[in-house]
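Okay, so here's the structure we're looking at.
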Amino acid sequence: LRFLSLSAHSREEVKRLEKVAVDFLNQRHNIEDPDNGGFGAFNQAEATEAADKSTAIFTMLLGGIASISLVVGGIGIMNIMLVSVTERTREIGIRMAVGARGRDILAQFLVEAMVLSLLGGAAGILLGSGLARIIASFAGWPPIVSAGSVALAFGTSAGIGIFFGFYPAYAASKHGLR
């Protein structure tokens with residue numbers, strides 16, 4: 001006998017039933033040291049708790065990986081925008097000479113950074129939802145891509161573009177004043 005399934009009348013009785021069953025089996029099989037080779041009990045609540053802990057750890061791990069990816073992507077956007085600012089100093093100077101203010105230049109480069117990150121976010125959403133549909137078709141699952149997750153992805157993309165694009169945009173807006 002490797003497995004025995006018991007049912008309790010209520011949740012409150014589960015621990016007591018486990019103890020009675022384990023003690024009975026240990027006594028019946030003359031096990032003097034139950035901690036070394038004795039019988040044990042495992043209930044559904046413990047299985048659910050273990051699954052919840054595993055899910056929480058997995059979620060934290062994926063969150064960490066996603067955070068690192070966002071920072072790396074943001075640094076890439078910042079580098080692209082800094083190169084763009086450096087290569088477009090003449091354009092910035094001409095715009096300021098004809099009356100553009102620093103905030104106009106700042107807004108232009110922030111919009112460019114946001115558009116760049118939104119295009120990357122859109123590509124990621126298309127790729128992710130496409131892969132989700134392909135995997136779901138092979139696994140026989142219904143594909144689930146919620147509107148909330150798409151909106152969150154777009155919002156995060158825009159936020160990363162604004163956050164990491166601010167320094168290059170600020171540098172561009174001050175560049176014409178030197």
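Could you work out how much longer the chain between residue 33 and residue 133 gets when fully extended? Use 0.36 nm per residue separation minus the Cα distance between them, nm to one decimal.
Residue separation times 0.36 nm, minus the Cα-Cα distance, leaves 30.6 nm.
Scan the chain and note any complete DSSP helix (H) whose C-alpha atoms cover at least 15 Å along its axis and whose Kyte-Doolittle average is 1.0 or more.
Once both thresholds are applied, what remains is 44-87, 102-139.
Which translational diffusion coefficient, to the nearest whole µm²/s, is obtained for the chain from the Stokes-Einstein equation, given a Kirkwood hydrodynamic radius over C-alpha pairs, 25 °C and 0.890 mPa s?
Translational diffusion coefficient: 112 µm²/s.
Treat each spin label as a single point 7 Å out from the Cα along the C-beta direction, and report the residue 151 to residue 10 distance in nm.
4.4 nm
222 nm [θ] for the chain, helices only, -39500 (n - 2.57) per DSSP H run of 4+, per residue, to 500?
-27000 deg cm²/dmol
How much area per residue is accessible in the chain when the probe is 1.4 Å and only protein heavy atoms are counted (Å²)?
73 Å²
Computing the accessible area with a 1.4 Å probe over protein heavy atoms, can you report the carbon and sulfur percentage for the range 28-99? Please list the in-between numbers first.
Numbers: 3420 of 5500 Å².
The value for the range 28-99 is 62 percent carbon and sulfur by accessible area.
Please list the non-local residues whose amide H lies under 5 Å from the amide H of residue 88, H modeled 1.01 Å from N, same-chain partners needing a gap of 5 or more.
Residues meeting the amide H criterion: none.
Could you sort the peptides 7-15, 93-101 by per-residue average Cβ neighbour count (10 Å cutoff), highest mean leading?
Result, highest mean Cβ count within 10 Å first: 93-101, 7-15.
Quick check on packing: order 152-162, 131-141 by the mean number of other C-beta atoms within 10 Å, highest mean leading.
Working: 152-162: 17.5, 131-141: 10.8.
Most protected by this proxy first, the peptides run 152-162, 131-141.
Figure the gain on full extension for residue 50 and residue 80 (residue separation times 0.36 nm, minus the Cα-Cα span) and round it to one decimal in nm.
6.3 nm
The values are calculated or read from the model by the stated rules, or taken from the named source; none is laboratory data. This structure is a prediction, so every number in the text was calculated from the model and none was measured. Quick reminder, even Gly has a Cβ in these numbers, built from the backbone with ideal geometry, and neighbours come from all protein chains shown. The accessibility values were calculated without ligands, DNA or RNA, using every heavy atom of the protein model including side chains. Shrake-Rupley method; radii C 1.70, N 1.55, O 1.52, S 1.80 Å.
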